[in-house]
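Step one of this worksheet: look at the structure below.
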Amino acid sequence: MIAAPPNGGKSLLALWYAMQAKVPTLYISADTDQTTTLVRSAAMLSGRTCADIEAQLNSEAAPLVEDLVLEADHIAFSFDPSPSLEDVEAEVTAIVEVWGDLDLIIIDNLMNVAGGSGEEWAVMRDLIRQFHHVARVTEAAVWVLHHTSESEGKPDVPAARRAIQGKVAQFPEQILTVAARPTRGEIAVACVKNRHGPHDPTGSTFATFPVDYDRMTIYNTLADKQRADQWRSYQ
């Protein structure tokens, strides 16, 4: 699970990871529409700003953007705004049939998946259990994006595990909470649950990574970002 408040950076982290991993991936983008995802993906792949990509999409050169995103042919997207569990399973089956393999499934996000009848949090807990089953059956990594409470009032610090909505934290094998820091040009990531390794449920132990938010790009180190900035200055 990757958890954050709205606009907290969870979709950025998930999409960036999917682009970099280059493994067969199904991305259920229920929370973000096709155009936004297209712009973000093209920015990540090209190193250009989202503003540049949007301008190109509104010009005669729009097909070039679409061709660029086709380079990420290891990712299949679904943009159903309210998929059911059956819809997700059908997408998984289709991808495995076409590609023969599936290593990563990203659900963006849990609150957009349509569950059965009943109390909202109970439905979410049932969905998480079902996604756990999907992971076991497919042997793929399943990433579920979810919201945390905004009540702690520290948007630039990753939330504690207790802030995850719906009392679903007991099911995932690992939980990362993230906090976007656009004014600092970075993102903070905390491991608040890890069944097989170190973690800090308070979220106060975290790593930070440089981010170029205009280009939707995350860097491993500040030196990597500085080299990229310098390279662009010569172009």
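The values are calculated or read from the model by the stated rules, or taken from the named source; none is laboratory data. All values derive from a computational prediction rather than experimental measurement. All Cβ positions, even for glycine, are placed from backbone atoms using ideal geometry, and neighbour counts span all protein chains on display. The accessibility values were calculated without ligands, DNA or RNA, using every heavy atom of the protein model including side chains. Shrake-Rupley method; radii C 1.70, N 1.55, O 1.52, S 1.80 Å.
Tell me the Kirkwood radius of the stretch 110-183: reciprocal of the mean inverse pair distance over distinct alpha-carbon atoms, in Å.
13.6 Å
Against the 2.2 N^0.38 Å scaling, with N counting residues, where does the stretch 35-175 land? I'd like the Cα-based Rg ratio to two decimal places.
1.24
Two tests apply to each whole DSSP H helix in the chain, Cα reach of 30 Å or more along its axis and mean Kyte-Doolittle hydropathy of at least -0.5, and none passes both. Oblate is the label for the stretch 87-235, because the ratio a/c of its alpha-carbon gyration tensor axes (a ≥ b ≥ c) is 1.5 or higher and a/b is not greater than b/c. Backbone amide hydrogens, once placed in the peptide plane, bring residue 144 within less than 5 Å of 2, 107, excluding anything fewer than 5 places away on its chain. The slack between residue 167 and residue 126, meaning 0.36 nm per residue of separation minus the straight C-alpha distance, is 13.6 nm. Proximity of backbone amide H atoms, modeled 1.01 Å from N, is registered between residue 159 and 178 at under 5 Å, excluding neighbours fewer than 5 places apart on the same chain.
Applying 0.36 nm per residue to the separation of residue 98 and residue 154 and subtracting their alpha-carbon distance, the gain on full extension is 15.7 nm. Largest first, the residues 213, 234, 27 sort by 1.4 Å accessible area into 234, 213, 27.
At R0 = 25 Å, how high is the FRET efficiency between residue 136 and residue 207 if r is their beta carbon distance? Nearest 0.05 is fine.
Efficiency computed from Cβ-Cβ geometry: 0.30.
When 66, 173, 139 are compared by accessible surface with a 1.4 Å probe, the order from highest to lowest is 139, 66, 173.
Percent of Cα-Cα pairs more than 25 Å apart in the stretch 1-114, please. Summing the P(r) of the stretch 1-114 above 25 Å gives 22 percent of all pairs. Taking each of 193/225; 10/167; 154/225; 167/193 in turn, the alpha-carbon distance tops 21 angstrom for 193/225; 154/225. One decimal place: the segment residue 90-residue 22 gains 22.2 nm when fully extended, by the rule 0.36 nm per residue minus the C-alpha distance.
Name the trypsin sites (Lys or Arg not before Pro) in the stretch 14-81 that are in a loop by DSSP and that have at most 15 other C-beta atoms within 10 Å, would you?
Taking the stretch 14-81 and a limit of 15 other Cβ atoms within 10 Å, the loop trypsin sites (Lys or Arg not before Pro) found are 22.
Working from the Cα coordinates of the stretch 60-133, the gyration tensor eigenvalues give, after taking √(5λ), semi-axes of 29, 16, 9 Å in decreasing order. Only Cα sites of the stretch 1-53 enter the Debye sum here, all with the same form factor; the resulting log10 I(q)/I(0) across q = 0.25, 0.26 1/Å is -1.16, -1.23, listed in q order.
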